[in-house]
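A.B. asks: Let me give you the structure first, and then I'll get to my questions.
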Amino acid sequence: MRYVQVQVYDGAKPIDHVLNKDIREATEMAEDKAKVKYAYGMTVNLGDYNSARAEVGIELLADNTPEAINEAYEKATKWVNEKMDEETTYMFDLKKAMAKGNKK
């Protein structure tokens, strides 16, 4: 399950909240700004006990309103997913190249 961690600061002390992507729950928060973090990772089995892993993440600041947090979430997921598409293309190309090398 993918999730977004929203971190609100009360002075120097962080207060964590999690927003569930599937139901888009927003929590009441008292501070001005929130940090919205999103990360996605994938591991690809390359064969012969080898694997490749890519993980891409981003952290954005947003106003502390459900609308702004959801907007930051949408921006973060779009950016991360675009970058992960690049990484997974590379990993699957690597897997194909290694499979051809093992067939000799």
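A.B. asks: If you go through the stretch 69-93, how many residues are among the hydrophobic types (A, V, I, L, M, F, W, C) and without any contact (Cβ under 8 Å) to a residue 24 or more places away in the chain?
C.D. replies: Here the count works out to 1.
A.B. asks: Moving on to the next point. In the stretch 51-73, how many residues are closer than 17 Å to Thr88 by Cα and in contact with a helix residue (DSSP H, G or I) (Cβ under 7 Å, 6 or more places away or on another chain)?
C.D. replies: Residues meeting the conditions: 4.
A.B. asks: Evaluate the stretch 84-101: report whether one residue or more is within 12 Å of the chain's Cα centre (by Cα), closer than 27 Å to Ala34 by Cα and either surrounded by fewer than 13 Cβ atoms within 10 Å (Cβ to Cβ) or of a type in the set (Val, Ile, Thr) (or both).
C.D. replies: So far as the stretch 84-101 goes, no, none of its residues is within 12 Å of the chain's Cα centre (by Cα), closer than 27 Å to Ala34 by Cα and either surrounded by fewer than 13 Cβ atoms within 10 Å (Cβ to Cβ) or of a type in the set (Val, Ile, Thr) (or both).
Laboratory data are not the source of any read-out in this text; all were calculated from the coordinates shown. Source: prediction; values computed, not measured. Don't worry about glycine lacking a Cβ; one is built from the backbone with ideal geometry, like all the others, and counts go over all protein chains shown.
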